[in-house]
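Below: the structure, in structure tokens.
The values are calculated or read from the model by the stated rules, or taken from the named source; none is laboratory data. Everything numeric here is computed off the predicted structure, so don't read it as measured data. Ideal geometry is used to build each Cβ from the backbone, glycine not excepted, and the neighbour counts take in all protein chains shown. Keep in mind that these areas ignore ligands, DNA and RNA; they rest on the heavy atoms of the full protein, side chains included. Shrake-Rupley method; radii C 1.70, N 1.55, O 1.52, S 1.80 Å.
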Amino acid sequence: MRTVKSGVAVLSLAVLLASCGTLPALADSANIGVMMADMDWNGIDHTHCGFSSKQQLLDDVTGCAVTIAALTGRKDWTAFYGTGGATIEIRFTNSSSHVEGGYQSYLRKIPRIYINRTMAEYDFWPLAHELTHLMFPEYSCLTLREGLACYMQDEVGQTPAVFNYGLDVHAIACLYFDSLDTDPLVLTAPDASDAQAGLAAGDDRVRFYVCSYSFSRYLIETYGLGLFMQAYECGNFIKAGPLIFNRTAEGLVADWKQFLSEYPAKQSQEQIDQSLQELWNSHGYPEFSSL
């Protein structure tokens, strides 16, 4: 089940950009340290976890970081954590996977990734997702932050993870199309940050993540990852959007909704549930849950 996806991404990137004569400098893996206590690694069931050893897990995180840095052109991301580079600690939690120590609001810059224990035991590691949060701590809105993390999980991560589990996120977002008039992205709301935080943690959590990812992926596929990263790091997406994309935030959301309305690969809820069931079975996960 384990693949070497991060290495393939670096190779594909090199082949693509070599023809253009411009290759981004790769992040130096020597500046990236990853650690996990033996008691944490030994504290999970390894039957279905996908990693044969703790070292393989640590190497996977390092490989993901190098690949993400190459794709985004942000080879110096470790500077946020000091001149000595970044040492990331992996821990487990019984709550949702998340990061700590990766944002300017923290007093200490000690980057930690907390992975939900059950998801890890069934090889649904959101390592690239959470790692992206640590690598890009300064962002303009929660939609783009979670959208980029989900994008990197699908493109670089070696396992499917929430919230689309590796399935076509645009097809899943189409299921929510009739309710998009309530604008789950709230990009244009005056209190967007508060509204987004409420959606990301409330009953609409899955819809918020799926639609944020679909919107972000649409921007990346339409305008390129380079411009998307400019928007991600601009500090105020609503104000900077017209300068970066030559479209207002409202216009970009309208374009995305039009894209979904015409999306040629729509699927029914039953088709998506069937794909999820097959995925659950392949991971040995005992309880099926529809999106």
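Which residues in region 48-68 have a backbone N closer than 20 Å to a point placed 7 Å from the Cα of residue 282 along the Cα-to-Cβ line? Under cut-off, by backbone N: 48-52.
The Cα atoms of the chain define a convex hull whose projected area, averaged across directions, is 15.6 nm². In the context of the full set of protein chains, the chain has a per residue accessible area of 45 Å² (1.4 Å probe).
Among complete DSSP H helices in the chain, those whose alpha-carbon atoms stretch at least 24 Å along the helix's long axis and whose mean Kyte-Doolittle hydropathy reaches 0.0 are 54-72.
With the Cα gyration tensor of region 166-291 giving a ≥ b ≥ c as the square roots of its eigenvalues, does the rule (a/c under 1.5 for rounded; else a/b larger than b/c for prolate; else oblate) give rounded, prolate or oblate? Could you put the intermediate results ahead of the total?
Numbers: a/c = 2.03, a/b = 1.73, b/c = 1.17.
Because a/c hits 1.5 or more and a/b exceeds b/c, region 166-291 counts as prolate.
Taking Lys and Arg as +1 and Asp and Glu as -1, the other residues whose beta-carbon sits under 10 Å from that of residue 175 total +1.
Annotation: peptides 64-75, 33-44, ranked by per-residue average of other Cβ atoms within 10 Å with the highest first, follow the order 64-75, 33-44.
Using a Förster radius of 41 Å, what is the FRET efficiency between residue 201 and residue 59 based on their Cβ-Cβ separation? Nearest 0.05, please. Display every interim value, and only then the final one.
Details: r = 33 Å, r/R0 = 0.80.
With a Förster radius of 41 Å, E is 0.80.
Using the rule -39500 (n - 2.57) for each DSSP H run of four or more residues, divided by the residues of the chain, the 222 nm mean residue ellipticity is -15000 deg cm²/dmol.
Each other residue within a Cβ distance under 15 Å of residue 136 adds +1 if Lys or Arg and -1 if Asp or Glu, for a net charge of -2.
For region 97-230, the square roots of the Cα gyration tensor eigenvalues, ordered a ≥ b ≥ c, give a/c below 1.5, which places it in the rounded category. For region 150-219, applying the loop criterion from DSSP together with a ceiling of 13 other beta carbons within 10 Å to the chymotrypsin sites (Phe, Trp or Tyr not before Pro) yields no site. Hey, with R₀ at 25 Å, roughly what FRET efficiency would residue 112 and residue 177 work out to, going by the Cβ-Cβ distance, to 0.05? The pair residue 112/residue 177 has a calculated efficiency of 0.10.
Summarise the accessible area of region 214-278 (1.4 Å probe, protein heavy atoms) by the percent that is carbon and sulfur.
Working: 1590 of 3250 Å².
Of all accessible area on region 214-278, carbon and sulfur atoms account for 49 percent.
Residue 272: net charge of surrounding residues, Cβ under 13 Å, Lys/Arg +1, Asp/Glu -1, itself excluded? Result for the neighbourhood of residue 272: -3.
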